[in-house]
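Take a look at the structure below.
The values are calculated or read from the model by the stated rules, or taken from the named source; none is laboratory data. Predicted model, so just to flag it, every value in this text is computed and none were measured. Ideal geometry is used to build each Cβ from the backbone, glycine not excepted, and the neighbour counts take in all protein chains shown.
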Amino acid sequence: MLYVNEHQRASVQELGEVFQVSESTVRRDLKELEESNLLKRTHGGAVSLQNVNFEPSVIEKEDQFREEKMEIARKACEMISEGDTVLLDAGTTTLHLAREMRSLSNVRVITNSMIVLNELKDYRGLELSMVGGLLRYETLAFVGPMAETALEMVRVDKAFVATNGLDLEEGITTPNIIEAATKRKMFQIAKEVILLADHSKIGKVGYAKVADLSEIDHLIIDAGANDHFIDQLRKQGVSVTIA
């Protein structure tokens, strides 16, 4: 467990070589550790649960990888055209995108984020709509059945979605199952889904799955992302922009 926590993920073969035991022994031990909720098994290995399902507040997250998030936001803003209807998910990177969008006009913005709403509420160049629902205090996002019903009423050109976890095998994940369902609805109503994520999200797996990576149309990520991850995404047909 300590090895997996330290390296975030490990394959069965890797663990067998490190601890000089058979792969069948590794699989048995991983099964027992997963049953004790100490890690999560994946196809061919395991990933750490350490800190993945603990969600810091949006205030705590805002200063993490701040420069990277700002660069991602600038690239995202370049993808928005006059006349677009865009959806901004709740997240600190989408908050930076909202700040960049104050230079735009004739764009319709829909969001479930209180902080995005607060950022844009005094700017008259954008038409702003708020999605209601159950408020999650950790993310200051409105989620749940009411939010999903509201989202079903609209269609957007581009959905800019945030994530907690980004893994080649497990896809896009988040710690909260209700928020994951609301994010899935965002995927369904968008002509184009654009995921905004800094490199720290790579390899992390949360409790609730949002979507497979192949369901993303475009990923904007910072230069800290490793080449292997980017190459594998592109093989799945995902367009990738490095900020």
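Per-structure values
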| item | result |
| --- | --- |
| Lys69 vs. criteria in a helix (DSSP H, G or I), modelled with pLDDT of 90 or more, of a type outside the set (A, V, I, L, M, F, W, C) and buried (at least 19 other Cβ atoms within 10 Å of the Cβ) | yes |
| Of all residues making up region 102-113, the number that are modelled with pLDDT of 95 or more and either touching a Pro at 6+ places or on another chain (Cβ under 9 Å) or among the aliphatic types (A, V, I, L, M) (or both) | 3 |
| Leu87 vs. criteria at pLDDT 95 or above and either assigned by TED's automatic domain parsing to the domain that holds Ala147 or surrounded by fewer than 18 Cβ atoms within 10 Å (Cβ to Cβ) (or both) | yes |
| Some residue of region 11-22 being at pLDDT below 90 and buried (at least 18 other Cβ atoms within 10 Å of the Cβ) | yes |
| Qualifying residues in region 149-175 (those that are of a type outside the set (Asp, Glu), more than 12 Å from the chain's Cα centre (by Cα) and part of a loop (DSSP other than H, G, I, E, B)) - the one surrounded by the fewest Cβ atoms within 10 Å (Cβ to Cβ) | Met153 |
| Residue identified as of a type outside the set (Asp, Glu), in a loop (DSSP other than H, G, I, E, B), assigned by TED's automatic domain parsing to the domain that holds Thr174 and surrounded by 14 or more Cβ atoms within 10 Å (Cβ to Cβ) among Met79, Met146 | Met79 |
| Residues (under 15 Å from the mean Cα position of the chain (by Cα) and among the aliphatic types (A, V, I, L, M)) located in region 210-237 | Val210, Ala211, Leu213, Ile216, Leu219, Ile220, Ile221, Ala225, Leu233 |
| Subset of region 201-243 (residues that are within 21 Å of Ile177 (Cα to Cα) and in a helix (DSSP H, G or I)) | Lys201, Leu213, Ser214, Glu215 |
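Conditions tested, residue by residue: (1) at pLDDT 90 or above; (2) touching a Lys or Arg at 6+ places or on another chain (Cβ under 8 Å); (3) among the aliphatic types (A, V, I, L, M); (4) surrounded by 19 or more Cβ atoms within 10 Å (Cβ to Cβ).
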| residue | (1), (2), (3), (4) |
| --- | --- |
| Ala190 | yes, yes, yes, yes |
| Ile194 | yes, yes, yes, yes |
| Lys209 | yes, no, no, no |
| Ile216 | yes, no, yes, yes |
| His228 | yes, no, no, no |
| Asp231 | yes, no, no, no |
| Lys235 | yes, no, no, no |
| Thr241 | yes, yes, no, no |
